[in-house]
1. Have a look at Arg122, Arg126, Arg93 and point out the one that is charged (D, E, K, R) and surrounded by 17 or more Cβ atoms within 10 Å (Cβ to Cβ).
2. So Arg53 clears everything in (1) at pLDDT below 95; (2) closer than 22 Å to Thr127 by Cα except one condition, right? Which one?
3. Consider segment 46-94. How many of its residues are without any contact (Cβ under 8 Å) to a residue 24 or more places away in the chain and basic (Lys, Arg)?
4. Among Pro105, Pro100, Pro83, which is surrounded by 15 or more Cβ atoms within 10 Å (Cβ to Cβ), out of contact with any helix residue (DSSP H, G or I) (no Cβ under 6 Å at 6 or more places or on another chain) and not in a strand (DSSP E or B)?
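The values are calculated or read from the model by the stated rules, or taken from the named source; none is laboratory data. This structure is a prediction, so every number in the text was calculated from the model and none was measured. Cβ atoms come from the backbone with ideal geometry, glycine included; neighbour counts cover every protein chain shown.
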Amino acid sequence: MKTLRTITTRLGTVVALAMLAVVVPATRALASEPKGDLGVQLRLLEAVQGNGRGPSMTGVARIEVFVEAFRATNDIQLSVLRPDGSTWKVGGRPFGVGRPQWSDPGGEPLEPGDDGQSVPARGGIRTTIVVPLQGADIHEIMVVVRGLREGEEISTEGVVRVALGVPDNQPVDDGTQANFSLQGVN
């Protein structure tokens, strides 16, 4: 009886480990896929202050843009807007990102094809854009990504906050550390 119990326990352990080996890789694979047809992640690399003070202060924000797609998407275009949807202007002139230099997730440069820059199915591409800033303020920069999938236009957007010449009092919690202002109570 003791031998039968030992065999059953060992068999149960082997089955549980086999199931775990099948489930864990499937979970990891799903976690790396885009959440929708087209996704964008923005990361502020740096904000560089230029000349001037107050409203006449200038600077630039270097922003990394990572675009991912569930299905193959062609003719990827970027535009920079204000959060209200209006055109990003500096000195009264509209700002355009031009033709960004794209790379694959590993950093290898990509050349656009006949249908413009493309993102492979379940893949991603990245670039860095430089956005001019004007005025001491917390600037909210919205990056809109548009592309064509099977002839149909799809789009997505992301927002990044950039403090230029003013303190950024926005609470930040990265899961490990948090910074926030404490408010005194009288």
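1. The conditions single out Arg126.
2. (2)
3. Total satisfying the criteria: 2.
4. When all the criteria are applied, what remains is Pro100.
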